[in-house]
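Heads up: the structure comes next, in C-alpha cells.
The values are calculated or read from the model by the stated rules, or taken from the named source; none is laboratory data. Just so you know, these numbers come straight off a predicted model, no measurement behind them. No Cβ is skipped: glycine too gets one built from the backbone with ideal geometry, and neighbour counts run over all protein chains shown. The accessibility values were calculated without ligands, DNA or RNA, using every heavy atom of the protein model including side chains. Shrake-Rupley method; radii C 1.70, N 1.55, O 1.52, S 1.80 Å.
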Amino acid sequence: MAFHADRHVHILIIGGGAIGTSLAYHLARDGAQGVLLVEKAQLTHGCTWHAAGLVGQLRGKKNLTRLMQNSVAVFDRLEQETGQAISWEKVGSLRLAGSDARWSEIRRSMTQAKSFGVECHSLSAEQARKHFPYITTDGIRGAAFIPGDGYIDPYSLTMAYARGARQHGATIEEGVCVEEIVVENRRVVGVVTNGGSIGCDIFVNCAGLWAKRVGEMAGVALAAGIVEHQYFLTEKKLTLDPGLTTLRDPDNNFYLKPDTGSFAI
C-alpha cells in the first residue's frame, strides 16, 4: 500500500543538534531545495548542549583531519555570514606525548597534516610549558602545537547553523517527534510524527544518542553506542591568559579547556 503523506519534502533531517543543523545549513547554502529538519524537543537538547566544544585538526586518519580542517574554515566565516555569535576561540591546541610510541604517532600525524596545509609545530617539553605553564614536564617526550585549533560554544554554533540554514531557505521545526519511519522497497519514503506525516525523497538520521534507535525504526542496524564520561570544573580562582591554549594528554586520557577562571577537564 502506497504511503500518503500530509506533505512532502525533498530532504528530511531528523535531529536538531550541531550535526543536523550543520547538514541543513550546508545543503541549503549549496542550493538544495525542500530541506526540512525536525527536532523532537528543542535545538541542542540532546548531546550538543553539554559538549566540551574542543576543535582539534590533528587526527590519525587523513579524511578526519581534512574534515576538521574544513570545520575550522567554516567557523572562521560563520559568525560574519549569519550574524550569530559562536564564541569561536582560536587559541590553538597542545597535544602531549608521554611515551616514545605516542611521540612517534603524533609526529606521523603532524607530517601528514602538514602535507595538506595544517600548520603544526613540534615542541620540546620545555617549549610546551611556555604555551601552557600549568603542566609539569616529567615524562613528556614532546608535544604538538596547532595554532589553528581552539574551542567553540556548541549551543551558539548550532544556533548559527540554524540561522544560516533558514537564511538559505531550509525549514526547521522543533517539537516534532518522529514516531514511525515508513520503508517501501528498502527505501525510506516518509515518517509519521506527533504532528502528522511527512513524505521525503532523502531521509537523514542525525539523532545523536538516539541514532541507533532511529536506525532500528528503519530496519537498519547501526554500530553506534552511547558512552558516558565524566567531566569536572576546577574552582573558579584562576587568572587565565585569554589566549591560553587547550590541552590534550592522550596517554593520561584527559583533555581540558579554559573556562571562566577555571579549567573544564
Exercise for the section: Go through THR65, THR21 for me and flag whichever is open to solvent by less than 20 Å² (accessible area, probe 1.4 Å) and either among the acidic types (Asp, Glu) or within 28 Å of LEU94 (Cβ to Cβ) (or both). Expected result: THR65
Practice task
Would you be able to say whether some residue in segment 206-226 is charged (D, E, K, R) and within 28 Å of GLY53 (Cβ to Cβ)?
Solution key: yes
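This table checks each residue for (1) touching a strand residue (DSSP E or B) at 6+ places or on another chain (Cβ under 8 Å); (2) within 22 Å of TYR231 (Cβ to Cβ); (3) β-branched (Val, Ile, Thr); (4) open to solvent by less than 30 Å² (accessible area, probe 1.4 Å).
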residue	(1), (2), (3), (4)
THR44	no, yes, yes, yes
THR48	no, yes, yes, yes
GLY56	yes, yes, no, yes
GLU81	no, no, no, no
Exercise for the section: For segment 207-221, state whether one or more residues are over 24 Å from ALA41 (Cα atoms) and either touching a Phe, Trp or Tyr at 6+ places or on another chain (Cβ under 6 Å) or modelled with pLDDT under 95 (or both). Expected result: no
Practice task
Inspect segment 149-166 for any residue being under 19 Å from the mean Cα position of the chain (by Cα), open to solvent by less than 90 Å² (accessible area, probe 1.4 Å) and under 24 Å from ASP6 (Cβ atoms) and give the result as yes or no.
Solution key: yes
Fill in the blank from the handout: Residue set LYS114, LYS130; condition under 14 Å from GLY148 (Cα atoms), without any contact (Cβ under 8 Å) to a residue 40 or more places away in the chain and basic (Lys, Arg); output residue LYS114
Completion exercise
Counting only residues in segment 209-233 that are touching a Gly at 6+ places or on another chain (Cβ under 9 Å) and open to solvent by less than 90 Å² (accessible area, probe 1.4 Å), the one farthest from LEU12 (Cα to Cα) is identified as ALA224
